[in-house]
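Reviewing the structure listed below.
The values are calculated or read from the model by the stated rules, or taken from the named source; none is laboratory data. From a predicted model like this one, the values you see are computed outputs, not experimental measurements. Methodologically, a virtual Cβ is constructed for each residue, glycine included, from the backbone with ideal geometry; neighbour enumeration extends over all protein chains shown.
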């Protein structure tokens with residue numbers, strides 16, 4: 001009886017770990033990170049960039065990268081899902097303020113799931 005219980009528990013653990021592995025693989029396989037073109041932001045100006053998900057995918061998150069390595073000149077003023085169609089986000093939009101006397105570059109990215 002004790003061996004039968006142990007066998008049942010082991011079988012259940014193996015089955016659940018296989019299901020987890022399959023689910024994890026499926027999730028990773030259906031997730032894509034897309035990036036916008038690099039946008040140059042003029043000195044003392046605002047800049048915008050949008051990363052669009054592939055057809056049939058929905059944005060679940062996003063953000064931006066910037067050439068402002070020290071983080072002192074480029075301020076993120078907006079980072080949000082866009083455009084929103086109904087309740088579905090089809091990409092990610094960002095806006096920044098470049099407070100320096102030099103140009104800066106930004107690039108939006110979106111994490112998209114099918």
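The set of residues from region 56-69 being within 19 Å of residue 38 (Cβ to Cβ) and assigned to a loop (DSSP other than H, G, I, E, B) comprises 67, 68, 69. Would you be able to say whether some residue in region 77-87 is part of a strand (DSSP E or B), modelled with pLDDT under 95 and out of contact with any strand residue (DSSP E or B) (no Cβ under 7 Å at 6 or more places or on another chain)? Yes, region 77-87 contains a residue that is part of a strand (DSSP E or B), modelled with pLDDT under 95 and out of contact with any strand residue (DSSP E or B) (no Cβ under 7 Å at 6 or more places or on another chain). Pairing residues of region 70-87 that are surrounded by 10 or more Cβ atoms within 10 Å (Cβ to Cβ) with residues that are outside any loop (DSSP other than H, G, I, E, B) and modelled with pLDDT under 90, at Cβ distances under 8 Å and at least 6 apart in sequence or on separate chains, gives 81/89; 82/89; 83/89.
Residue count for region 88-114 under the criterion of being under 18 Å from the mean Cα position of the chain (by Cα), part of a loop (DSSP other than H, G, I, E, B) and more than 18 Å from residue 33 (Cβ to Cβ): the result is 0. For region 19-55, filtering for residues that are part of a strand (DSSP E or B) and either within 30 Å of residue 98 (Cα to Cα) or modelled with pLDDT of 95 or more (or both) leaves 15.
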